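**Student:** Can you read through this structure? Questions will come right after.
The values are calculated or read from the model by the stated rules, or taken from the named source; none is laboratory data. Predicted model, so just to flag it, every value in this text is computed and none were measured. Every residue, glycine as well, gets a Cβ built from its backbone with ideal geometry; the counts of neighbours run over all protein chains shown. Surface areas here come from the heavy atoms of the whole protein model, side chains and all, with no ligands, DNA or RNA. Shrake-Rupley method; radii C 1.70, N 1.55, O 1.52, S 1.80 Å.
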Amino acid sequence: MAEPFVAIQVGAASFVDEGVKPVLDVFQDRGRINALFLATPTWTRGTGGRQVPGHPLPNHGAQEYDLDWVGGNYATVHPEYYGGTILGPAGRAPEHPELDIFEAVLPEAKQRGMQVIAWIEESSYADELRRYPNMPKCLEVDPRGRPVPRMCFNNPDYRNWHLSIVEDYAKSYDLHGIAWCSERPGPLNLLMQGPVTDAPMRDAVTCFCRYCQALARERGIDVRRGFEGYQKALEWNASVSQGKRPADGAFVSFWRLLLQYPELLAWQKLWTDSQHQIYRDIYGLAKACKPTLKVGWHVYHNISFSPFYRADQDYAEMSRFSDFIKVVAYNNCAGPRFHLWIDHICNALFADASPAEVYPLVLKLLQLDEGAYEQLPRTGFSADYVRLETARAVADVSGRCAIYPGIDIDIPTPDGTTRSSREQVRDAVKAALAGGAQGVVLSRKYSEMRLDNLAGAGDALGELAA
Ligand SMILES: [Zn+2]
């Protein structure tokens, strides 16, 4: 068997705090790691900065929180690549203004035979993006016609901004790949899976901006009825989440809305297709700049929880514009996360039933087999979940692209719930490879991982190599 691709997600903070060589030594010695996902740009704590404040600092790196962390671009900005976007160049992160993460890490990584991948998180909802001039001209719009503080990937300026970052990285550095991440579920999924805010906030149901409207018209979707249907669905969501039950129940009244307004489904499909179009554009553009560049996507955890999101994110289709897909299969934090997800959907689409009743059915729909609902926050998901999710993705893509499951190492969980362990990490890595994965991505960021838990990856790979 070929040596698996073993990547780790790591941000600028770790290299600054601990030094490039010592960090790479740890990666190779403890984790048998041979690839780096370097987080840039990033505006979220999930991939940037030190440990999330309030969670225990790991046993390496600076032993204090970076409370004023902002995020942004950790590479040198080459302004010539940012034509055609009023957002201008992707601004430098205010932290470590002298550091170019690629220049700092690439030579040493190459010498060690490690691949370097730019790990780009879209984070269009991040508050920090407010500091970018002209950001208000790129906003999404809710079904009441109000802009919300999140950018639309059908907005040409926002699209070009991301494509410019890709061009800048592809042409300015000798990278092996680009990994791109967009954690958004789409408007109908949001309405079904839990209470939503009917206010112009970042988690609002979107997008009905003029660009999205134009695309809807192109598809023959009645835009006026799209707005109307989503306004009615917002009212349904508000009423159900406040504990009011329509005479026919929450589910039947929602299904009736779908029958009356097929535009609800059509708009979700338009939304998903628009997300995938930016994937296609990045894929083609990156290869136009550098044909050998590997391009892939992070598919976020909702893929393991929501049958609706799972239906949207069709791996077989995605494999036509992917060299790899990082399937999030974080089994430890899945426990508290899925527990909460079930609770939320029982305040929306499945409000007619209790979480304990809904949980076994949704598990069946997802083709998963996990423990009791009440225990879930303390047990997490099993390693077998990682194997099943991997095998499903591997089967779907039919060898057209690689599958690299994301492995959970110390992703913060609420107090009193499950924690990562060396054995959990070892078993998750083994399960991913047993499911047919060509590699794994140790997630979410080195600065939140305990060294002994990271060594669980090395244990698994050592066993396989032996
Ligand atoms: Zn839009």
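**Student:** Tally the residues that are touching a strand residue (DSSP E or B) at 6+ places or on another chain (Cβ under 8 Å) and farther than 25 Å from Asp396 by Cβ, restricting the search to region 425-456.
**Tutor:** Qualifying residue count for the region: 6.
**Student:** Which of the following residues is buried (at least 21 other Cβ atoms within 10 Å of the Cβ) and touching a Pro at 6+ places or on another chain (Cβ under 7 Å): Ala437, Ala428?
**Tutor:** Ala437
**Student:** On to the next question. Could you check region 369-382 and list, in sequence order, the residues that are in contact (Cβ under 8 Å) with a residue 40 or more places away in the chain and surrounded by fewer than 21 Cβ atoms within 10 Å (Cβ to Cβ)? Give the derivation first.
**Tutor:** If we filter region 369-382 for residues that are in contact (Cβ under 8 Å) with a residue 40 or more places away in the chain, which is where we start, we get 376-382.
Hits for region 369-382 are Pro377, Arg378, Thr379, Ser382.
**Student:** Please report, ordered by residue number, the helices (runs of 4 or more DSSP H) entirely within region 187-241 with at least 3 residues that are within 15 Å of the ligand (Cβ to nearest atom) and open to solvent by 10 Å² or more (accessible area, probe 1.4 Å). Give the derivation first.
**Tutor:** Numbers: elements: 187-193, 210-218, 223-241.
Hits in region 187-241: 210-218.
**Student:** Let me ask another. Between residues in region 191-207 that are closer than 17 Å to Trp236 by Cα and residues that are β-branched (Val, Ile, Thr) and within 14 Å of the ligand (Cβ to nearest atom), which pairs lie under 7 Å by C-beta distance while being six or more apart or on different chains?
**Tutor:** Every condition considered, the pairs that remain are Leu191/Val205; Val196/Val205; Ala204/Val148; Thr206/Val141; Thr206/Val148.
**Student:** Using the structure shown, decide if Gly416 is small (Gly, Ala, Ser), out of contact with any Leu (no Cβ under 8 Å at 6 or more places or on another chain) and without any contact (Cβ under 8 Å) to a residue 40 or more places away in the chain. I'd like the intermediate steps shown before the answer.
**Tutor:** On the way: small (Gly, Ala, Ser): yes; out of contact with any Leu (no Cβ under 8 Å at 6 or more places or on another chain): yes; without any contact (Cβ under 8 Å) to a residue 40 or more places away in the chain: yes.
Yes.
**Student:** Let me ask something else about it. Restricting to region 131-172, what's the tally of residues that are modelled with pLDDT of 95 or more, surrounded by fewer than 18 Cβ atoms within 10 Å (Cβ to Cβ) and assigned to a loop (DSSP other than H, G, I, E, B)?
**Tutor:** Here the count works out to 3.
**Student:** Cβ contacts < 6 Å: first residue over 15 Å from Pro412 (Cα atoms), restricted to region 51-72; second residue outside any strand (DSSP E or B) and hydroxyl-bearing (Ser, Thr, Tyr), any location; separation 6+ or different chain. Result?
**Tutor:** Gly61/Ser447
**Student:** Restrict the check to region 293-308 and report whether at least one residue is assigned to a helix (DSSP H, G or I), more than 17 Å from the chain's Cα centre (by Cα) and either surrounded by fewer than 18 Cβ atoms within 10 Å (Cβ to Cβ) or modelled with pLDDT of 95 or more (or both). Lay out the reasoning, then the answer.
**Tutor:** Filtering region 293-308 for residues assigned to a helix (DSSP H, G or I) gives 302-305, 307-308.
Next, only the ones that are more than 17 Å from the chain's Cα centre (by Cα) stay: none.
Checking region 293-308: not a single residue is assigned to a helix (DSSP H, G or I), more than 17 Å from the chain's Cα centre (by Cα) and either surrounded by fewer than 18 Cβ atoms within 10 Å (Cβ to Cβ) or modelled with pLDDT of 95 or more (or both).
**Student:** For the list (1) farther than 22 Å from Asn155 by Cβ; (2) part of a helix (DSSP H, G or I); (3) among the aliphatic types (A, V, I, L, M), I need the number of the one condition that Ile282 fails.
**Tutor:** Tallying (1) farther than 22 Å from Asn155 by Cβ; (2) part of a helix (DSSP H, G or I); (3) among the aliphatic types (A, V, I, L, M), Ile282 fails exactly one: (1).
**Student:** Can you tell me which residue in region 269-308 is farthest from Ile117 (Cα to Cα), limited to those that are among the hydrophobic types (A, V, I, L, M, F, W, C), within 16 Å of the ligand (Cβ to nearest atom) and in contact (Cβ under 8 Å) with a residue 60 or more places away in the chain? Even if it seems obvious, please write down each step before you answer.
**Tutor:** Initial filter on region 269-308 (among the hydrophobic types (A, V, I, L, M, F, W, C)): 270-271, 278, 282, 285-286, 288-289, 293, 295, 297, 299, 303, 305, 308.
Now drop any that are not within 16 Å of the ligand (Cβ to nearest atom), which leaves 270-271, 278.
The next check asks that each one be in contact (Cβ under 8 Å) with a residue 60 or more places away in the chain; those that pass are 271, 278.
Details: Trp271: 27, Ile278: 19 Å.
Going through the qualifying residues, I end up with Trp271.
**Student:** Report, ordered by the first and then the second residue, all pairs with beta carbons closer than 9 Å, sequence separation of six or more or different chains, a first member in region 133-155 that is at positive phi, and a second member that is near the ligand (Cβ under 10 Å from one of its atoms).
**Tutor:** From region 133-155, the pairs are Gly145/Phe208.
**Student:** Can you name every residue in region 114-129 that is of a type in the set (Ser, Thr, Tyr) and open to solvent by less than 10 Å² (accessible area, probe 1.4 Å)? Reasoning before the result, please.
**Tutor:** As a first pass, look at region 114-129 and keep what is of a type in the set (Ser, Thr, Tyr): 123-125.
Those that are of a type in the set (Ser, Thr, Tyr) and open to solvent by less than 10 Å² (accessible area, probe 1.4 Å): Ser123, Ser124.
**Student:** Can you say whether Asp168 is more than 16 Å from the ligand (Cβ to nearest atom), touching a residue at least 12 places away in the same chain (Cβ under 8 Å) and out of contact with any Phe, Trp or Tyr (no Cβ under 9 Å at 6 or more places or on another chain), as far as the supplied structure shows? Show your work before the answer.
**Tutor:** Details: more than 16 Å from the ligand (Cβ to nearest atom): yes; touching a residue at least 12 places away in the same chain (Cβ under 8 Å): yes; out of contact with any Phe, Trp or Tyr (no Cβ under 9 Å at 6 or more places or on another chain): no.
No; evaluated as a whole, the condition is false for this residue.
**Student:** Here is a follow-up. Here is a check on your reading of the model: is Val362 among the β-branched types (Val, Ile, Thr) and under 29 Å from His176 (Cβ atoms)?
**Tutor:** Values: among the β-branched types (Val, Ile, Thr): yes; under 29 Å from His176 (Cβ atoms): no.
It is false that Val362 is among the β-branched types (Val, Ile, Thr) and under 29 Å from His176 (Cβ atoms).
**Student:** On to the next question. Would you check which residues across region 93-111 are outside any helix (DSSP H, G or I) and open to solvent by 60 Å² or more (accessible area, probe 1.4 Å) and list them? Please lay out each step first, then the result.
**Tutor:** Of all residues in region 93-111, those outside any helix (DSSP H, G or I) come to 93-100.
Matches in region 93-111: Pro94, Pro97, Glu98.
**Student:** The conditions are (1) over 27 Å from the mean Cα position of the chain (by Cα); (2) within 16 Å of the ligand (Cβ to nearest atom), and Ala247 fails exactly one of them. Which is it?
**Tutor:** Exception for Ala247: condition (2).
**Student:** State all residues of region 1-57 that are part of a helix (DSSP H, G or I) and open to solvent by 20 Å² or more (accessible area, probe 1.4 Å); if no residue qualifies, say none. Steps first, answer last, please.
**Tutor:** Within region 1-57, the first condition is being part of a helix (DSSP H, G or I), and the residues that meet it are 12-18, 20-31.
Those that are part of a helix (DSSP H, G or I) and open to solvent by 20 Å² or more (accessible area, probe 1.4 Å): Val16, Asp17, Glu18, Val20, Lys21, Pro22, Asp25, Val26, Gln28, Asp29, Arg30.
**Student:** If I ask for residues that are open to solvent by less than 10 Å² (accessible area, probe 1.4 Å) and among the small types (Gly, Ala, Ser), which ones from region 310-340 would you list?
**Tutor:** Those that are open to solvent by less than 10 Å² (accessible area, probe 1.4 Å) and among the small types (Gly, Ala, Ser): Ser319, Ser322, Ala329, Ala334, Gly335.
**Student:** Residue pairs, Cβ under 7 Å, 6 or more apart or interchain, first in region 441-458 and of a type in the set (Asp, Glu), second surrounded by fewer than 24 Cβ atoms within 10 Å (Cβ to Cβ) and modelled with pLDDT under 95. List them.
**Tutor:** none
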